[in-house]
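Asker: The following block contains the structure, expressed as structure tokens.
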Amino acid sequence: MAETINKTTLVANIAAATDQSQTAVAAVLDGLFDEISGAVAKGNKVTIPGFLSAERTETAARTGRNPQTGEEIKIPAGHRVKLTAGSKLKAAVK
């Protein structure tokens, strides 16, 4: 079974590979995540060529069902995030 790598492990691995402190690596990752989430929240598309792209998409209002009661409910229009893997990431998985 594949291991799940969380942020702490990712920071430790990057710090070891780059001879940087874990504090510095964590700060850079936090900055990266903040920039991506801020840009996507504003409706901008973020692309890291070869690895991923993230963009905000719109969802239409629709009718759903409460799974416990079966009652119809109205689900308002909203936004979702669409992540797309890039060619280098896809190639690494093959």
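The values are calculated or read from the model by the stated rules, or taken from the named source; none is laboratory data. Owing to the predicted nature of the structure, the values given are computational and were not obtained by experimental measurement. Cβ coordinates were reconstructed from backbone atoms using ideal geometry, including for glycine residues, and neighbour counts include every protein chain displayed.
Asker: Could you list all residues from segment 63-94 that are surrounded by fewer than 11 Cβ atoms within 10 Å (Cβ to Cβ) and in contact with a Pro (Cβ under 9 Å, 6 or more places away or on another chain)?
Answerer: Scanning segment 63-94 gives a single hit, 87.
Asker: Could I ask something else about it? In segment 45-79, how many residues are in contact with a strand residue (DSSP E or B) (Cβ under 7 Å, 6 or more places away or on another chain), over 30 Å from residue 93 (Cβ atoms) and among the aliphatic types (A, V, I, L, M)?
Answerer: Qualifying residue count, segment 45-79: 4.
Asker: Which ones in segment 36-46 are assigned to a helix (DSSP H, G or I) and surrounded by fewer than 14 Cβ atoms within 10 Å (Cβ to Cβ)?
Answerer: Residues of segment 36-46 assigned to a helix (DSSP H, G or I): 36-41.
37, 38, 41, listed by residue number.
Asker: Given the condition surrounded by fewer than 14 Cβ atoms within 10 Å (Cβ to Cβ), part of a loop (DSSP other than H, G, I, E, B) and not assigned by TED's automatic domain parsing to the domain that holds residue 86, answer yes or no: does some residue in segment 21-35 qualify?
Answerer: yes
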